[in-house]
1. I need every pair where a residue in the stretch 289-302 that is of a type in the set (D, E, K, R) has its Cβ under 7 Å from the Cβ of a residue that is surrounded by 15 or more Cβ atoms within 10 Å (Cβ to Cβ), sequence separation at least 6 or different chains.
2. Quick check on my filter: what residues within the stretch 339-373 are open to solvent by 70 Å² or more (accessible area, probe 1.4 Å) and in a loop (DSSP other than H, G, I, E, B)?
3. Quickly run through the stretch 320-338 and pick out the residues that are assigned to a strand (DSSP E or B) and among the aliphatic types (A, V, I, L, M).
4. Using the structure shown, decide if residue 417 is at pLDDT 85 or above and not assigned by the TED database to the domain that holds residue 538.
5. Being within 30 Å of the chain's Cα centre (by Cα) and touching a residue at least 12 places away in the same chain (Cβ under 8 Å) is the filter here; which residues of the stretch 189-210 pass it?
6. Sort out which residues of the stretch 471-507 are closer than 28 Å to residue 529 by Cβ, in contact with a helix residue (DSSP H, G or I) (Cβ under 6 Å, 6 or more places away or on another chain), open to solvent by 30 Å² or more (accessible area, probe 1.4 Å) and at pLDDT 95 or above, and write them in order of number.
7. Hey, residue 209 hits all of (1) under 16 Å from residue 234 (Cβ atoms); (2) open to solvent by 10 Å² or more (accessible area, probe 1.4 Å); (3) of a type outside the set (Gly, Ala, Ser) but one; which does it fall short on?
8. Would you say residue 428 is over 30 Å from residue 556 (Cβ atoms) and either open to solvent by less than 40 Å² (accessible area, probe 1.4 Å) or at pLDDT 95 or above (or both)?
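The values are calculated or read from the model by the stated rules, or taken from the named source; none is laboratory data. Bear in mind the structure is a predicted one, so any value in this text is a computation, not a measurement. Methodologically, a virtual Cβ is constructed for each residue, glycine included, from the backbone with ideal geometry; neighbour enumeration extends over all protein chains shown. Quick note on the areas: whole protein, heavy atoms, side chains included, nothing else; ligands and nucleic acids left out. Shrake-Rupley method; radii C 1.70, N 1.55, O 1.52, S 1.80 Å.
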Amino acid sequence: MHGRPRKPSKPEDEAASAAKAQKLRALQSQFLHNHQNNIYTKEAVELSAKLLEINPESYTAWNYRKLAVEHHLSLTHSDSNPESLNSIFQEELTVVENALRQNFKSYGAWYHRKWVLSKGHSSINYELQLLDKFQKADSRNFHAWNYRRFVAPLMNRSEEEELKYTEDMICNNFSNYSAWHNRSVLLSNLLKKKADGFLLKEKVLPEEYEFVHQALFTDPDDQSGWFYHLWLLEQTVKVDSPLLVSSWPSHGYDLMLLGDSCPSSPFTSFHSDSGTFPLVLYFNQAVEGVNSSTVSFDCELNTIKDLIWKPLLANNSRTSQVWVTQLNFIDVEPKAYPVEVSLGHSQGIISSSGFHYNRSCFAFRVCVQPAEKGPAKRLGGDVMLWSDEKFHIYDAHSQESSPVISPDQLSIQNNHETTASEWRTKAIAKEIDHFRELLSLINCKIGKLTLARLLMAHDTMISPSNKTHFKEVLELYSDLMKLDPSHVQYYKDEHSLVLLQQVTSSKESLLTHCFHYRNLTSSHIGNPICLRLNNLSLSRVGSFDKLLWVQMLDLSHNELQSIEGLEAMQLLSCLNLSNNVLCSFTALEPLRSLKSLKVLNISHNEIGAHSVDTTRYLCSSPLSHSAGSEWNPVEIINADTDVKSYWEAYFILKDLNLTQLDIVGNAISDEKFKSFLIKVLHALKWLDGERLH
């Protein structure tokens with residue numbers, strides 16, 4: 001345990017263990033007989049105490065003693081001597097203490113002691129003395145700290161007193177993880193209820209930073225203080241109330257809504273055969289309560305009232321960071337329709353931590369174009385190729401309107417938005433100076449990681465035009481990949497997220513990745529602009545709140561194992577995920593939410609190459625009996641053999657309206673699987689570059 005090498009046992013130790021095991025088996029046999037026959041005599045209860053003294057982890061024995069206590073209480077009259085009641089519970093406390101002497105990290109023993117005290121017949125005066133005894137044996141024993149949080153309110157000890165106790169324990173040993181954790185719990189409670197002396201974060205948190213510096217600068221290699229520092233950073237940066245950070249359409253956007261037969265506007269158009277388009281709300285944290293009561297519309301059309309909002313999540317949770325609905329402009333007069341969206345006019349949008357959303361609004365225009373007469377072009381008429389020669393970079397100096405929505409335009413104006421106050425910025429800047437100084441003295445891995453986090457936190461609190469730390473943060477994560485290879489995947493993921501934040505930080509940087517698609521004669525999308533994020537060594541994708549406008553996306557030739565979060569990009573019509581390391585169809589589950597997707601390239605991945613898919617049980621299956629399962633029993637019974645063989649692929653693809661799919665270069669891609677795809681995807685016109693008849 002904890003890096004201590006296992007020593008070979010001596011013959012006399014083996015003999016003692018064998019004797020102990022024989023005694024334990026005999027006790028267990030007799031105990032189980034008593035338990036199964038509801039025998040609660042004095043002798044039977046004493047036998048369970050002997051068993052627990054040898055094996056405190058016997059949960060059945062603890063439960064038996066609870067039943068025995070309840071049995072004896074039922075035989076005791078309410079007017080009986082209180083001392084007789086106290087003696088029953090005191091005996092339980094004694095048994096627990098004896099068991100803890102054998103193993104003071106026994107879950108069952110600590111839980112049983114809580115149960116006894118909760119009955120209200122026992123004195124609690126001895127409890128802190130007992131805790132001191134066990135915390136001297138191991139000051140980081142989280143069982144004892146958890147029990148202390150239970151006992152302190154019973155003894156009317158204030159959270160301020162307990163906070164001072166954690167300070168004393170930390171000063172005695174900087175490496176006390178449990179004391180640091182308990183301190184974060186107590187401070188969270190005191191700040192939340194605005195206790196006297198804890199009204200303002202700007203007073204409390206800077207003092208805590210100074211306190212934790214003593215641990216970090218005394219022993220930089222000890223991680224306990226670093227975890228507390230990370231918690232302080234989160235408290236400094238986070239805004240309690242949920243905020244709407246972006247939307248599509250965005251504020252001030254002019255959307256050209258075109259039918260399939262209309263000539264496309266190059267940048268602001270959205271093709272819709274049905275006359276509908278998605279409205280996407282992207283919050284800074286997961287919220288619930290987004291519905292027609294909490295989101296209202298001001299528009300002359302009656303078709304966009306009482307809308308159904310859906311959370312974009314892979315599970316059945318009611319909370320989500322991204323919500324979507326469909327706006328209906330079917331059979332309306334061709335003209336411009338102003339639309340104003342108001343959120344929070346009535347309470348109901350709430351974060352998972354219980355904070356309410358404050359009111360905000362944004363507005364855009366929907367310009368419905370008249371449909372041209374004549375035969376409409378059909379999707380999938382021409383195959384789309386992703387080769388470099390098919391693209392040319394967008395000319396930022398051209399006379400065309402820009403395809404990119406700037407970060408400033410994406411931002412939503414919240415009437416009561418809590419902006420980063422001066423103290424937050426100063427606190428982070430001061431921490432940055434401290435850790436630059438530390439790293440000038442020693443080469444500390446966790447110090448570099450903390451500096452990277454601080455720099456990104458500082459950039460989140462200033463305007464996009466002033467973000468200056470991307471290059472330094474990327475260099476820090478590159479260094480960490482070399483210094484700490486055991487955690488290289490984590491650093492790669494963080495490097496990828498920072499790189500994408502850099503790309504999306506300004507309109508100018510985004511435009512360097514925007515390309516025209518040449519000769520787009522088939523109407524896969526109304527906007528022939530492709531955001532190319534290929535060949536960037538990305539292992540993770542993010543910054544989706546800045547990419548809601550994207551209709552064509554190239555993520556090929558990266559190192560992606562997952563596309564989590566991509567479901568927010570509701571406009572996606574063409575997506576290239578080729579030449580990554582996607583191992584299964586379950587890794588593609590976000591695609592199920594992309595109802596506009598027509599062209600998908602997942603060629604040259606590792607789908608089907610791994611016999612064990614650790615993510616498949618996160619995905620609904622025909623074998624699922626859970627509430628809310630998306631599989632129809634009739635559908636399962638009537639499914640042919642291919643569906644039962646490829647249920648993961650069927651689950652992901654069955655509701656998509658794909659016209660083109662590339663899957664060559666995956667282990668699963670044989671003729672049998674291709675035949676299955678043709679049966680499942682009824683709109684499919686092109687498969688692996690070949691036209692289907």
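1. Here the result reads 300/337, each pair linking the stretch 289-302 to a residue that is surrounded by 15 or more Cβ atoms within 10 Å (Cβ to Cβ).
2. 345, 347, 352, 359, 370, 371, 372, 373
3. Once the filter is applied, which keeps residues that are assigned to a strand (DSSP E or B) and among the aliphatic types (A, V, I, L, M), the stretch 320-338 yields 322, 324, 327, 336.
4. No; evaluated as a whole, the condition is false for this residue.
5. Within the stretch 189-210, 189, 190, 191, 201, 202, 204, 205, 206, 208, 209 meet the criteria.
6. Of everything in the stretch 471-507, just one residue is closer than 28 Å to residue 529 by Cβ, in contact with a helix residue (DSSP H, G or I) (Cβ under 6 Å, 6 or more places away or on another chain), open to solvent by 30 Å² or more (accessible area, probe 1.4 Å) and at pLDDT 95 or above, namely 495.
7. Going through (1) under 16 Å from residue 234 (Cβ atoms); (2) open to solvent by 10 Å² or more (accessible area, probe 1.4 Å); (3) of a type outside the set (Gly, Ala, Ser) one by one, residue 209 breaks only (2).
8. yes
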